[in-house]
């Protein structure tokens, strides 16, 4: 079905960013606009999700150019879901930024760039054209370059060099892959590519292109041999920025992998085993890396890597149940990782350090806050009724079904390591008796902030924790949703027909 | 480079280059040109002026901070892109006025999009140049 208004989540973020630019110097007005319009965006995303679930896939052709020639925007359940999750995380981080981001950063355009980043994310999720996907990736990485360097502290610049270099490399590889693909089939529309790539005779070149795509997206989503930039850079910017990076940026890579490897390159035996091994090793390196870290944010960064491995593992099994698990985990992971980085920010504001060794006694001093922080921490581990558990059930089940015991072993050992890491973090930060920490001069402590800023830092954590609890306890709804998406990922005919019209007319 | 020849030339070059920039901007719909190139040429006009007369003088003729052109240009481009949505068309569909305007020719929403790009490019380039030359 055609509906020009599915583009609204992108347009509205752009509108927000432009409006914020008009108030470049007034920081309080900027904060108010950012939060208020993020709420409106969340409303738009909920509307998009409901109409897509009710009436099926919506399509619009930019500039009214017909499908394989113009740029298609398409809202299928997966895209709508990702847009919704972006809006939820965006709203939470926007509120958290009000409390935690320094005024100097706001004066140099923190909020406009933040909304440009969200616009790029929404664009990447809604586009149905592979080159347009590249363009949205560029918007995302340029905004993220600004955000990661904004403030110009020494550690930040050091982290950003690694981040910028690796992401530029990934973009170059991605662009090369698009160029080869265009040379092979002469089309950029993803639905059209899906039909044309399937018919190609030259399977060798198709596989090479597929691997180039895998490497490009793999760097962006930080999979095994290419993940070193992530833990080296995500702990350097302010926590609000790491929250949006940790929650959403690597997941764009996972989304792109899911899209490209279900729609355009359906994995053959070689690709499946490649993806499986990469996924298994990613889980292992990420979780083992997290074991030895002392900085809380570095622990979470390594866990991002490990848990990206889970999602890739779902793709590596390539059964409907495994993809359902991946989609479920994607929902859980975006909410929880965003939340955990905000939790680390709150701990820093209260105690003045990220170091686990120096922290301690948090539970004794702040029992209510500790219980609140326990929700995302234990959701991440996946203690049964909480949200991290259900997806693993799907993966283990489908791993046994197809006899891929290697991946099952990796997933279970990854879970075990995550449990160990989080138990260590809990006992170090919350239970251990902590020494009195020396007061730092350049840190503005939590209790010195204005009450409204304190609320702005705690409220988003409560908000995302409630969503996490809902994902865990109301898993029935989320599984229904993931099942719809998983089915459409395995059978892409509805997607292609929505873009190009009935498929029987297309085939000679 | 405060030579008298360059100084005199720059005061003639500024209006000439600005006119040329607008010509390139209007030409861009069917022929090579457009908002991006036009914007660069217009920015170069101011850059040459600032080389010859110093940055303060150039600031004096622009009167407001060039960065302010960015949100204005972006809003113009956004408006041009979303106008078709109000009539039920797809994003960025070209809408045209019925009668040609003298000298310019047919005017459509694409022209306003290009003018938006034109303003953004001038704003960005001048902000970068002014900021860099300030810190040196």
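The values are calculated or read from the model by the stated rules, or taken from the named source; none is laboratory data. These numbers come from a predicted model, not from an experiment. Note that we place each Cβ from the backbone using ideal geometry, even for glycine, and neighbour counts take in every protein chain shown.
Of the residues making up the range A:102-136, those that are on the phi < 0 side of the Ramachandran plot and in a loop (DSSP other than H, G, I, E, B) are A:102, A:108, A:128. Would it be correct to say that residue B:36 is away from every other protein chain (no Cβ under 14 Å), modelled with pLDDT of 90 or more and within 30 Å of residue A:67 (Cα to Cα)? It is true that residue B:36 is away from every other protein chain (no Cβ under 14 Å), modelled with pLDDT of 90 or more and within 30 Å of residue A:67 (Cα to Cα). Is it true that some residue in the range A:95-113 is farther than 25 Å from residue A:342 by Cβ, touching a residue at least 24 places away in the same chain (Cβ under 8 Å), touching a helix residue (DSSP H, G or I) at 6+ places or on another chain (Cβ under 8 Å) and away from chain B (no Cβ under 14 Å)? No: the range A:95-113 contains no residue that is farther than 25 Å from residue A:342 by Cβ, touching a residue at least 24 places away in the same chain (Cβ under 8 Å), touching a helix residue (DSSP H, G or I) at 6+ places or on another chain (Cβ under 8 Å) and away from chain B (no Cβ under 14 Å). If you go through the range A:33-56 one residue at a time, do you hit one that is touching a residue at least 40 places away in the same chain (Cβ under 8 Å), more than 15 Å from residue A:110 (Cβ to Cβ) and not in a helix (DSSP H, G or I)? Taking every residue of the range A:33-56 in turn, at least one turns out to be touching a residue at least 40 places away in the same chain (Cβ under 8 Å), more than 15 Å from residue A:110 (Cβ to Cβ) and not in a helix (DSSP H, G or I).
The residues of the range A:70-90 that are farther than 29 Å from residue A:459 by Cβ and without any contact (Cβ under 8 Å) to a residue 60 or more places away in the chain amount to a single one, A:70.
Of the helices (runs of 4 or more DSSP H) contained entirely in the range A:311-383, those carrying at least 2 residues that are under 29 Å from residue A:405 (Cα atoms) fall at A:320-351, A:367-381.
Pick from A:464, A:437, A:417, A:407: which is touching a residue at least 60 places away in the same chain (Cβ under 8 Å) and part of a loop (DSSP other than H, G, I, E, B)?
The unique qualifying residue is A:437.
Checking the structure you have, find out if any residue of the range A:74-88 is touching a helix residue (DSSP H, G or I) at 6+ places or on another chain (Cβ under 7 Å), outside any helix (DSSP H, G or I), within 14 Å of another protein chain (Cβ to nearest Cβ) and under 22 Å from residue A:488 (Cα atoms).
There is at least one residue in the range A:74-88 that is touching a helix residue (DSSP H, G or I) at 6+ places or on another chain (Cβ under 7 Å), outside any helix (DSSP H, G or I), within 14 Å of another protein chain (Cβ to nearest Cβ) and under 22 Å from residue A:488 (Cα atoms).
So which helices (runs of 4 or more DSSP H) are wholly in the range B:55-136 and hold at least 1 residues that are within 13 Å of chain A (Cβ to nearest Cβ), surrounded by fewer than 18 Cβ atoms within 10 Å (Cβ to Cβ) and out of contact with any strand residue (DSSP E or B) (no Cβ under 9 Å at 6 or more places or on another chain)? Walk me through how you get there before you give the answer.
Details: elements: B:55-62, B:69-86, B:109-135.
Once the helices (runs of 4 or more DSSP H) in the range B:55-136 are filtered for at least 1 residues that are within 13 Å of chain A (Cβ to nearest Cβ), surrounded by fewer than 18 Cβ atoms within 10 Å (Cβ to Cβ) and out of contact with any strand residue (DSSP E or B) (no Cβ under 9 Å at 6 or more places or on another chain), what remains is B:69-86, B:109-135.
Cβ-Cβ distances below 6 Å connect the following pairs, each with a first residue in the range A:1-24 that is surrounded by 20 or more Cβ atoms within 10 Å (Cβ to Cβ), a second residue that is modelled with pLDDT under 90 and part of a helix (DSSP H, G or I), and a separation of six or more residues or different chains: A:4/B:85.
The one condition from (1) buried (at least 24 other Cβ atoms within 10 Å of the Cβ); (2) away from chain B (no Cβ under 14 Å) that residue A:91 does not meet is (1). For the range A:290-310, a residue qualifies if it is over 19 Å from residue A:247 (Cα atoms) and either at pLDDT 90 or above or assigned to a helix (DSSP H, G or I) (or both), and exactly one does: A:291.
Okay, residues lined up against (1) in contact (Cβ under 8 Å) with a residue 12 or more places away in the chain; (2) more than 22 Å from residue A:172 (Cα to Cα); (3) assigned to a helix (DSSP H, G or I):
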position: A:191; (1), (2), (3): yes, yes, yes
position: A:196; (1), (2), (3): no, yes, yes
position: A:201; (1), (2), (3): no, yes, no
position: A:205; (1), (2), (3): yes, no, yes
position: A:230; (1), (2), (3): yes, no, yes
position: A:236; (1), (2), (3): yes, yes, no
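Within the range A:150-170, restricting attention to residues that are free of Cβ contacts under 8 Å to residues at least 12 places away in the same chain and in a helix (DSSP H, G or I), the residue that is nearest to the chain's Cα centre (by Cα) is A:161. Kindly evaluate residue A:198 against the criterion of being over 24 Å from the mean Cα position of the chain (by Cα) and modelled with pLDDT under 90. When the stated conditions are applied, residue A:198 passes them.
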